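What follows draws every value from the coordinates through simple rules; no lab data is involved. All values reported here derive from a predicted model rather than from experimental measurement. Cβ coordinates were reconstructed from backbone atoms using ideal geometry, including for glycine residues, and neighbour counts include every protein chain displayed.
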């Protein structure tokens, strides 16, 4: 997703967050934008070099998961967690309890 479009999407979410939580929302957005750029670069590397790489340790040579893929997998997990934190900030404050005669009776008793 192009950077501007991603930022616009995240800013739209920020506008839905209560004002007292917007500061932390903005900090999360800053990290999400950075992570999105990082993920884009890692995807490019994975497409160019594949998901595996040759690794030499001492006299042994073996194939392992590419470092770009490992980094991508870790970053996407953290990105998902941060995105959820951002959307969780949008949750509305609990509505005050409505008057309910039965509920009031049970609450008193």
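Can you tell me how many residues in the range 16-40 are without any contact (Cβ under 8 Å) to a residue 40 or more places away in the chain and over 17 Å from the mean Cα position of the chain (by Cα)?
2
So residue 44 ticks every box in (1) surrounded by 12 or more Cβ atoms within 10 Å (Cβ to Cβ); (2) closer than 29 Å to residue 11 by Cβ but one. Which box is left unticked?
Residue 44 satisfies every listed condition except (1).
Suppose we filter 70, 38 for residues that are in a helix (DSSP H, G or I) and touching a helix residue (DSSP H, G or I) at 6+ places or on another chain (Cβ under 8 Å); which single one remains?
After applying the criteria, what remains is 38.
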